[in-house]
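To start, the structure under review is shown below, and the notes come after it.
The values are calculated or read from the model by the stated rules, or taken from the named source; none is laboratory data. Model, not experiment: these values are computed from the prediction. A quick note on method: Cβ atoms are made from the backbone with ideal geometry, for glycine too, and the neighbour counts reach across all protein chains shown. For the accessible areas, the whole protein counts, side chains as well, though only heavy atoms, and no ligand, DNA or RNA atoms are used. Shrake-Rupley method; radii C 1.70, N 1.55, O 1.52, S 1.80 Å.
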Amino acid sequence: MEEFLKELPKLAKDKLIENKKYFQKLKKRTPKNLDVVMQDLHDKEFEKTDCLTCGNCCKTTSPIFTNKDIERISKHFKMKVFDFTTQYLELDADNFYVLKTAPCAFLDLNDNMCMIYDVRPKACSEYPHTDRRKFIQIADLTIKNTEICPAAYNIVEALKIKLPK
């Protein structure tokens, strides 16, 4: 896994133009069953993928924290929302709350376990978003996630085989 993670950014970059063209064509003629196909590919990939052997998303990027996420996690820590936000979060260029630091402050680097798993942000629980309804709407995000998440990379590669354009 470590070797694949080292190669992943280059592999994703090498496929960037191909993937952009593929998704542009897919957007023009989106198959009615795309969400079903994506759910199937997602399920098959995660039968063989254990996120705890990787944790790259938690080590390299930040999820967006919604107000509900912030309130839930603050309550979990018995902190005021303001104090939690001040300690852990900052506003990004798009005015979304994200973590101040990477890796994630709530990631145990010894075993890649999330210390707030039961109350984690919605963006974390849905990552890499490859089983989302109306999947075609997040094609650009998915392409970006292929640089970070081996499962997302494998799912996109499997999609191109399953639904050639």
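Cross-link partners of Lys80 among aspartates and glutamates, defined as those whose alpha carbon lies under 20 angstrom from its own and excluding same-chain residues fewer than eight positions apart: Asp69, Glu71, Glu90, Asp118. At a probe radius of 1.4 angstrom, the accessible area of the chain per residue rounds to 64 square angstrom.
Could you sort out which of Lys78/Lys134; Lys10/Lys48; Lys68/Lys144 sit more than 32 Å apart by Cα distance in this structure? Among Lys78/Lys134; Lys10/Lys48; Lys68/Lys144, the Cα-Cα distance tops 32 Å for Lys78/Lys134. Rounded to the nearest whole angstrom, the semi-axes of the ellipsoid equivalent to segment 1-82, taken from the Cα gyration tensor as √(5λ), stand at 31, 20, 15, largest first. When nucleic acids and ligands are ignored and a 1.4 Å probe is applied, Phe46 ends up with an accessible area of around 60 Å². The calculated FRET efficiency for the pair Leu91 and Lys13, based on their C-beta separation and a Förster distance of 30 Å, comes to about 0.60.
Against the chain, whose longest principal axis comes from its Cα atoms, helix 150-162 is set at around 20 degrees.
Between Leu109 and Lys27, 0.36 nm times their residue separation minus their Cα-Cα distance comes to what? Full extension from Leu109 to Lys27 adds 25.7 nm. Placing a label point 7 Å from the Cα of Glu47 along the Cα-to-Cβ direction, the residues of segment 149-165 with a backbone N closer than 19 Å are 151-163.
Take Ile64: with every protein chain present and a 1.4 Å probe, its accessible area is about 70 Å². Only one residue of Ile17, Ser62, Thr130 has its Cα farthest out toward the positive end of the dipole of the chain, where Lys and Arg carry +1 and Asp and Glu -1 on Cβ, and that residue is Ile17.
For the Cα atoms of the chain, what angle does the longest principal axis make with the long axis of helix 34-48, in degrees from 0 to 90, nearest 10? Between helix and principal axis, roughly 70 degrees. In whole angstrom, segment 4-155 maps to an equivalent ellipsoid with semi-axes of 29, 17, 15, each derived as √(5λ) from the alpha carbon gyration tensor and ordered largest first. Note on the chain: dipole from Cβ charges, positive end direction compared against Asn145, Met38, Thr49; the farthest Cα belongs to Met38.
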